[in-house]
Amino acid sequence: MRSMRTWIVAVVCLTVMAWAGLVAQRVADRKAAHAAIIKADEAFCQATIDRNVDRFRSLVADEATFNGGTPGQTRGIEAIVKAWTPWLQAGGPTLTWKPTHAEVLVGADVGYTVGTWERRAKAKDGKTSVAHGEYMTVWQRQADGSWKAVFDTGSEEPAK
């Protein structure tokens, strides 16, 4: 009888230890994924600032949807790169953003960033117009471990 209790206690202890190890690993995975999507979001903005089409393209998933839920919704990487051409060409308008919050789902393979953006463009009269708003980007870990934007949308602050 005593050996049976010892065996049961050992199994319970091993089960608890294994479960605790899995929980700790998931927490670590989510923290790493959180840092990775923030870094990807910042790199995405920097690619736009640098007007680097190749870097921009490398951070967008092939099947991505941008401006999701709006009349200007764009699907697929080629259409997205084409739509973003003005911001990626020298002398074009500028678009910058900064993530203010990020979350990662429990599987540590999907997450989102939200933040603020600023758009500057020169009008025909030479004056610069400035607009501000907020955005949300959904990120997905790829098979190679990189993170790519799969959905992006935003809204502009109403005129004051």
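Odds and ends about this structure:
- Pick from segment 123-141, criterion exposed (fewer than 13 other Cβ atoms within 10 Å of the Cβ) and on the phi < 0 side of the Ramachandran plot, ranking: nearest to the chain's Cα centre (by Cα): HIS132
- Test: THR113 is touching a residue at least 60 places away in the same chain (Cβ under 8 Å), under 21 Å from ILE37 (Cβ atoms), buried (at least 17 other Cβ atoms within 10 Å of the Cβ) and touching a Pro at 6+ places or on another chain (Cβ under 8 Å): yes
- Residue count for segment 69-92 under the criterion of being touching a Lys or Arg at 6+ places or on another chain (Cβ under 9 Å) and in contact (Cβ under 8 Å) with a residue 40 or more places away in the chain: the result is 2.
- Scope segment 38-69; condition surrounded by 13 or more Cβ atoms within 10 Å (Cβ to Cβ) and among the acidic types (Asp, Glu); matching residues: ASP41, GLU42
- Output for segment 70-110, where each listed residue is surrounded by 14 or more Cβ atoms within 10 Å (Cβ to Cβ) and either touching a Cys at 6+ places or on another chain (Cβ under 8 Å) or in a loop (DSSP other than H, G, I, E, B) (or both): GLY76, TRP84, GLY92, PRO93, THR96, TRP97, ALA108, ASP109
- Pair list, Cβ under 8 Å, 6 or more apart: segment 29-41 residue closer than 16 Å to VAL114 by Cβ, other residue assigned to a helix (DSSP H, G or I) and of a type in the set (Phe, Trp, Tyr): none
- Residue pairs whose Cβ atoms lie under 7 Å apart, sitting 6 or more positions apart in sequence or on different chains, and linking a residue in segment 136-147 that is closer than 11 Å to VAL60 by Cα and touching a residue at least 40 places away in the same chain (Cβ under 8 Å) to a partner that is assigned to a strand (DSSP E or B) and small (Gly, Ala, Ser), are THR137/ALA149; TRP139/GLY111; TRP139/ALA149; GLN140/ALA61.
- Check on ALA35, assigned to a helix (DSSP H, G or I), surrounded by fewer than 15 Cβ atoms within 10 Å (Cβ to Cβ) and hydrophobic (A, V, I, L, M, F, W, C): yes
- For segment 50-66, the criterion of a residue being part of a helix (DSSP H, G or I), modelled with pLDDT of 90 or more and in contact with a strand residue (DSSP E or B) (Cβ under 9 Å, 6 or more places away or on another chain) is satisfied by at least one position.
The values are calculated or read from the model by the stated rules, or taken from the named source; none is laboratory data. Quantities reported herein were computed from a predicted structural model and do not represent experimental measurements. Don't worry about glycine lacking a Cβ; one is built from the backbone with ideal geometry, like all the others, and counts go over all protein chains shown.
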